[in-house]
Amino acid sequence: MTLLRLSIQNFRNLQAVDLEPSPQVNLFFGENGSGKTSLLEAIHCLTLGRSFRSHKHKPLIRQGESAFTVFGRISSSGVQVPLGVERHLDGQSTFKANGVQVSSLAELASYLPIQVINADSFQLLEGSPKVRRQFMDWLVFHVEPQFFTTWKGVQRCLKHRNSLLRRDRIDGPELAVWDRELARLSHSLDQYRQRSIEHFKSAFLELLASFIRLPGVDISYQRGWDRERDYEDVLKTNFDRDSQQGYTHSGCHRADLRITINGQPAGEILSRGQQKLVVCALKVAQGHVFGNLTGHQCVYLVDDLPAELDQVHRSRLVDWLERLGGQVFITGVERDALVADWQERPHLARKVFHVEQGAVKVVEDTSSAATE
C-alpha cells in the first residue's frame, strides 16, 4: 500500500501543500515549528480521521479558517483509490473513499494502515494498559476480518451491563442475557488476539535480538481475566463487587501486553536508550507480521528520527524499514543527519523535502534513478 499523492489545505500551519511522495523513502527537514510533524499528522488524519497527537480536530484547523481538507491517492494491489477527509470547526466531518462517503472511521482505516514512531511511542512501556491494547488491536484489526464487529459487540454489551449494575434494583434475568452475550463475544475477541500475538511475539523477539542484547526479555498477552476460568463464571463471581462499584472489573477490556525483563516491567528496568530500541522493535515487528499475514505493507511515519536514536541504532532501524519494503515518511531538523542514513542505499527511491513556514518543496529526488 502506497500513498501516491498528498494534498493538504489549511491544516495547522500548512496553508496549501500538494506532493507526489516517493513510493519508498520520503525525508522532511526544517526548523522546529516549520510544519514537518503537521505533514505526518495530515497523513494520519487521512487514514484515521484524527491526529496522532490529539483526538481533538479544532486545533488542527489553520487559524482564521473554518475547515481543513486532506486528500490522498493510494495504490493497493495495483488499484488506485482516492481518499479524502474534511473537518469543520462546527463539528461537521466528511470522510470519503473512492468518491463515496465511508460508513465508519474503521472502514477508512482499512485502506491505508499506518504505523507511527515518535516520542509518544514510549508510552508502550511506560503508559497504561489502554495504550498497549490499542497497539495490540491495530494488528488484530488488520488481520482478523471479524475483529472490529466483535469488538463493537463487546463494547455494546459492557455499556448495557454497566448501566444495569448502576441501577438501584438490578433485573437479574436481563443481566444474565447480557452476561451470556458478553461472554460469547469476549471469547471470540480473546481468540483473535491470541492468534495475532503468537505471530507477533516471535517476530518481535527475533528483531530485538538483532538490534540489542537484552537477556531475559519477554512479552506476554494478558487477556483480562483468569485464564483457567470461564468468563461467564467470572462475571457471576464478581457480581457483588461489580454492582457495588457500578462497572465490570474483569474482561477483554482489561487486556494487556506485558513486556518484561526477567519478570520485571521493562519500563522500570531499561535505560531511556534501551526503551527506544524496544519500542522501535515493537513497531517494526507489527509491520513485519502485518506484511506476512496480509501480503501488504503498512506506511511508517517517523517523527524526528535523529533526535530519538544515535547513529548506530538509526542505521539498524533504517535497515529494518528497508527490509519491510514499505513506504516511509521521516522528519528531522538537520538535512545532513536525516539523509546520512540513506546515502548508502542508492537503490531506494528517495525524495527529500524542505519544510519552511508551512511551505514544502522537493530539494532532492532520486526516485527515477532508483527505479531504472
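The values are calculated or read from the model by the stated rules, or taken from the named source; none is laboratory data. Bear in mind that the values here come from a model prediction, so they are computed numbers and not experimental data. No Cβ is skipped: glycine too gets one built from the backbone with ideal geometry, and neighbour counts run over all protein chains shown. Ligands, DNA and RNA are stripped out before the accessible areas are found, and what is left, the full protein with its side chains, is counted by its heavy atoms. Shrake-Rupley method; radii C 1.70, N 1.55, O 1.52, S 1.80 Å.
Values computed for the structure shown
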{"quantity": "The chain: DSSP helices with Cα axial extent of at least 30 Å and average Kyte-Doolittle hydropathy no lower than -0.5", "calculated": "172-211, 272-294"}
{"quantity": "Rg/Rh for region 216-336, where both radii come from Cα atoms and Rh is the Kirkwood radius", "calculated": "1.12"}
{"quantity": "Simple Cβ-charge dipole of the chain, Lys/Arg +1 and Asp/Glu -1, about Cα centre, in debye nearest 20", "calculated": "700 debye"}
{"quantity": "Cα centre as origin, Lys/Arg/Asp/Glu Cβ charges: region 213-372 dipole, Debye", "calculated": "160 debye"}
{"quantity": "About the Cα centre, charge dipole magnitude for region 295-349 (Lys/Arg +1, Asp/Glu -1 at Cβ), debye", "calculated": "240 debye"}
{"quantity": "FRET efficiency estimate (nearest 0.05) - Cβ-Cβ, residue 13 to residue 66, R0 25 angstrom", "calculated": "0.95"}
{"quantity": "Ratio Rg/Rh [Cα only; Rh per Kirkwood] for the chain", "calculated": "1.00"}
{"quantity": "Candidate lysines - alpha carbon under 25 Å from residue 361, same-chain residues fewer than 8 apart omitted", "calculated": "36, 351"}
{"quantity": "Highest average packing first - 58-70, 6-18, Cβ atoms within 10 Å", "calculated": "6-18, 58-70"}
{"quantity": "Solvent-accessible area, 1.4 Å probe, carbon plus sulfur percent, for region 268-372", "calculated": "44 percent"}
{"quantity": "List 236, 96, 36, 159, ordered by accessible area with a 1.4 Å probe, largest first", "calculated": "159, 236, 96, 36"}
{"quantity": "Additional length obtainable on full extension of the chain from residue 364 to residue 312, 0.36 nm per residue less Cα span", "calculated": "16.3 nm"}
{"quantity": "Förster-model FRET efficiency, 30 Å R0, residue 169 and residue 222, C-beta, rounded to 0.05", "calculated": "0.30"}
{"quantity": "Enclosed volume per residue, in Å³, of the convex hull spanned by Cα atoms of region 43-89", "calculated": "63 Å³"}
{"quantity": "Shape call, region 266-372: gyration tensor on alpha carbons, a/c limit 1.5", "calculated": "oblate"}
{"quantity": "Cα lying deepest toward the dipole's positive end in region 40-88, options 71, 46, 57, charges on Cβ", "calculated": "57"}
{"quantity": "23 Å Cα-Cα reach of residue 96 towards lysines, excluding residues that sit fewer than 8 places from it in its own chain", "calculated": "56, 58, 152"}
